[in-house]
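Shown next, in structure tokens, is the structure this report addresses.
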Amino acid sequence: MPWARSRYPWRSWLEVNAFRIAALTALVSLMMSARVSDASDDVQRGEQIYDRCLACHALERNRTGPKHCGLFGRRAGSVPGFEYSKAMRRSGIVWNEATLDAFLAHPMRAVPGTTMGYAGIESPQERSDLIAYLRSASASAAHCR
Amino acid sequence: MSSFLKLAQADVLDAPRRAFLERSGGLLSASAIALMAGCESLAAKNAMADDGSDARILNTALAAELEAVAAYQLGADSGLLQPATQRLALTFQGHHRAHADLLAATVRKLGGAPAQPKSDYGFPVERLKAQDDVLRFAAQLEKGAVSAYLGAVPVFEDRQLAKAAASILGDEAMHWAVLRHALGEEPVPVAFVA
């Protein structure tokens with residue numbers, strides 16, 4: 001048996017592969033930090049796209065449109081104190097990445113009768129960035145107490 | 001007879017509307033006046049397959065314009081603005097009021113109930129401590145308004161209403177640029193707005 005030569009076969013295996021393990025660890029950590037950085041870039045780009053929403057929306061308060069704090073997992077048409085269209089109240093939508101993506105692509109087609117008279121965001125990348133920002137900001141303690 | 005047909009048979013400029021146009025004087029652009037005419041062209045199309053979406057879009061824009069009027073009032077009353085800036089704020093407020101009046105009149109013509117001003121907009125007053133804070137707050141609203149109108153223009157059923165919305169968009173883009181300039185920022189930072 002090959003490992004019979006050493007009393008601690010795992011030790012010699014570690015010694016032989018130490019360089020590979022270190023390289024692999026470094027690679028994985030690099031990939032993870034790249035992913036974190038990508039996610040952070042998404043949120044930053046999304047924040048800039050959110051500027052387009054600021055005529056009507058805010059994170060922390062209802063305006064012409066409802067507030068966005070607590071958006072994810074919320075049933076559409078359910079923010080207290082905001083007067084929704086009948087269409088939105090009856091839409092049955094629960095906001096998540098998929099429903100937001102469909103709505104933001106073309107609000108008036110997704111929910112005919114919505115008061116959000118807006119053509120939508122055509123670019124899937126922009127929608128994805130905006131949703132990443134909304135996910136982060138709508139649960140942020142700084143904005144949403 | 002539907003309200004749209006009544007509109008179609010009405011004078012192009014009935015008395016109250018004429019009075020409104022006279023009151024508004026130079027503030028109304030040709031496109032804005034066309035908005036009123038747009039009601040007639042919408043009416044002429046009868047009520048065909050109209051689900052009231054134009055009135056809803058206009059009403060949403062109206063609600064945002066009313067908030068802008070209140071926001072400029074907040075700025076003007078803040079005591080933070082220098083006299084020249086205050087004059088500018090009041091001029092821009094006048095534009096928003098003219099937009100709001102016109103949008104409300106058009107919503108009414110389309111048979112809708114115009115949005116009303118809120119008693120409290122919950123503005124973030126705690127963040128307004130200097131003139132630049134007020135200008136930045138106003139610039140943010142104007143930038144958002146430009147995007148909102150840009151998003152509304154393609155979805156109007158009536159092209160005259162789209163044209164009028166584009167006219168308002170142009171005005172609010174100018175506000176945004178002037179406010180950026182007042183803040184010492186590049187007035188027109190990009191070739192295209194989004």
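Quick note: the coordinates plus some simple rules give every number you see, no bench work behind them. The model shown is predicted, which means the values in this text are computed figures rather than measured ones. FYI the Cβ positions are ideal-geometry reconstructions off the backbone, even for glycines, and counts take in every protein chain you see.
Tabulated data
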{"quantity": "Inter-label distance for residue B:84 and residue A:18, nm, one decimal - labels placed 7 Å from Cα along Cα-to-Cβ", "calculated": "7.1"}
{"quantity": "Kirkwood-type radius of region B:94-194, with distances r between different C-alpha atoms, in Å", "calculated": "15.2"}
{"quantity": "Rounded FRET efficiency, nearest 0.05, which uses the C-beta distance separating residue A:119 from residue A:139 and R0 of 35 Å", "calculated": "0.80"}
{"quantity": "5 angstrom amide H check on residue A:94, placed H, neighbours 5+ away", "calculated": "A:76"}
{"quantity": "Over region B:118-178, relative contact order from alpha-carbon pairs under 8 Å, at least 6 apart, %", "calculated": "34"}
{"quantity": "Ranked list, fewest to most other Cβ atoms within 10 Å of each Cβ, for A:86, B:163", "calculated": "A:86, B:163"}
{"quantity": "Cα-based shape type of region B:57-100, given that a ≥ b ≥ c are square roots of the gyration tensor eigenvalues and the cut on a/c is 1.5", "calculated": "prolate"}
{"quantity": "Cα-Cα over 27 Å, subset of B:109/B:143; A:67/B:129; A:67/B:118", "calculated": "B:109/B:143"}
{"quantity": "Electrostatic dipole magnitude of region B:143-194 [Cβ: Lys, Arg +1; Asp, Glu -1; Cα centre; debye, to 20]", "calculated": "40"}
{"quantity": "Placed amide H near residue B:157: partners under 5 Å, 5+ positions off or other chain", "calculated": "B:54"}
